[in-house]
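Q: Structure in structure tokens, see below.
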Amino acid sequence: MTVMNDDTVRNSVTEDGRDEALASAGMTANATEPSVTASALEEQLDAARTEAARNLDGWQRSQAEFANARKRFDKQRAEAYVNASADMAAKLLPLIDDFERALANVPAPITDDPWLAGMNLIYRKMLAVLDELNVEPIPAEGTPFDPNFHEALAQEPSETYPSGVIVREMRRGYHLGDRVIRPSLVVVAA
């Protein structure tokens with residue numbers, strides 16, 4: 001029977017613990033001889049680099065998808081604003097037409113009436129609203145007929161304009177950027 005004192009027990013436990021720690025690190029008790037070869041370490045390094053590249057690629061794709069979603073949202077918001085502006089302008093246009101007809105046919109006795117000045121002011125305010133919405137009238141008289149912007153009601157001979165040019169505008173048309181809100185109703189020279 002072997003009798004062990006405290007120092008003997010402590011040394012054997014330390015050596016056993018060191019052997020286990022070295023074994024888990026892939027080394028033997030002799031520190032000069034690693035049990036893991038350099039090629040195995042290079043394989044682990046390559047695997048780690050591959051995983052890092054895959055993670056970087058996934059992160060970059062996520063960032064690109066987020067940027068694209070943000071651009072798509074901004075574009076949809078801008079389109080919604082244009083659509084809302086066009087709808088608002090389309091509802092105002094008949095009122096403006098009525099004001100134009102009424103102001104063009106004012107009887108002579110009331111031309112100096114302050115009430116008429118108030119009606120002119122309201123008409124100008126409506127035009128200012130269209131201007132704030134970036135709604136502009138479509139040029140008509142004296143311009144070539146364009147079916148994208150004009151709707152022909154009739155043709156008539158004209159000594160002033162050549163054939164295919166607009167002689168008269170029956171109802172003003174309006175556009176918002178490239179979008180036609182309402183085409184101009186026109187008479188074209190024959």
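Just so you know, all these numbers are worked out from the coordinates, no wet-lab data involved. Because the structure is a prediction, the values reported are computed rather than measured. Because the Cβ atoms are built from the backbone with ideal geometry, glycine has one as well, and the counts that use them run over all protein chains shown.
Q: Any residue in region 104-127 that is closer than 20 Å to Ser184 by Cα and loosely packed, with under 10 Cβ neighbours inside 10 Å? Break it down into steps so the answer makes sense when it comes.
A: First pass over region 104-127, keeping only residues closer than 20 Å to Ser184 by Cα: 104, 123, 126-127.
Remaining after also requiring loosely packed, with under 10 Cβ neighbours inside 10 Å: 104.
Within region 104-127, one or more residues are closer than 20 Å to Ser184 by Cα and loosely packed, with under 10 Cβ neighbours inside 10 Å.
Q: Looking only at region 124-175, filter to residues that are within 38 Å of the chain's Cα centre (by Cα) and of a type in the set (Gly, Ala, Ser); which one of those is farthest from Ile96 (Cα to Cα)? Break it down stepwise before answering.
A: Quick first cut of region 124-175, residues within 38 Å of the chain's Cα centre (by Cα) only: 124-152, 166, 169-175.
Add one more test, that the residue is of a type in the set (Gly, Ala, Ser), and what stays is 128, 140, 142, 152, 173.
Details: Ala128: 11, Ala140: 18, Gly142: 23, Ala152: 21, Gly173: 12 Å.
The residue in question is Gly142.
Q: I'd like to verify a number: residues in region 126-153 that are of a type in the set (A, V, I, L, M, F, W, C) and not in a helix (DSSP H, G or I), how many?
A: Applying the first criterion (of a type in the set (A, V, I, L, M, F, W, C)) to region 126-153 yields 126-130, 133, 135, 138, 140, 145, 149, 152-153.
Those left that are additionally not in a helix (DSSP H, G or I): 133, 135, 138, 140, 145, 149, 152-153.
Final tally of qualifying residues: 8.
Q: Please identify the pairs in which a residue from region 106-118 that is on the phi < 0 side of the Ramachandran plot has its Cβ atom under 8 Å from the Cβ atom of a residue that is part of a loop (DSSP other than H, G, I, E, B), counting only partners at least 6 apart or on another chain.
A: Within 8 Å, the pairs are Leu116/Val106.
Q: Still on this structure, I have one more. Return the total of residues in region 176-190 being within 30 Å of Ala80 (Cα to Cα), in a strand (DSSP E or B) and out of contact with any His (no Cβ under 9 Å at 6 or more places or on another chain). Before the answer, list the steps.
A: Looking only at region 176-190, we keep the residues that are within 30 Å of Ala80 (Cα to Cα), and these are 176-185.
Checking which are in a strand (DSSP E or B) leaves us with 176, 179-182, 184-185.
Retained after the next criterion (residues that are out of contact with any His (no Cβ under 9 Å at 6 or more places or on another chain)): 176, 179-180.
Residues in region 176-190 being within 30 Å of Ala80 (Cα to Cα), in a strand (DSSP E or B) and out of contact with any His (no Cβ under 9 Å at 6 or more places or on another chain): 3 in total.
Q: Please find, among Glu42, Glu65, Glu79, the residue that is surrounded by 10 or more Cβ atoms within 10 Å (Cβ to Cβ) and either in contact (Cβ under 8 Å) with a residue 60 or more places away in the chain or over 29 Å from the mean Cα position of the chain (by Cα) (or both). Walk me through it before giving the result.
A: Working: Glu65 fails: either in contact (Cβ under 8 Å) with a residue 60 or more places away in the chain or over 29 Å from the mean Cα position of the chain (by Cα) (or both); Glu79 fails: either in contact (Cβ under 8 Å) with a residue 60 or more places away in the chain or over 29 Å from the mean Cα position of the chain (by Cα) (or both).
Just one listed residue meets the conditions, Glu42.
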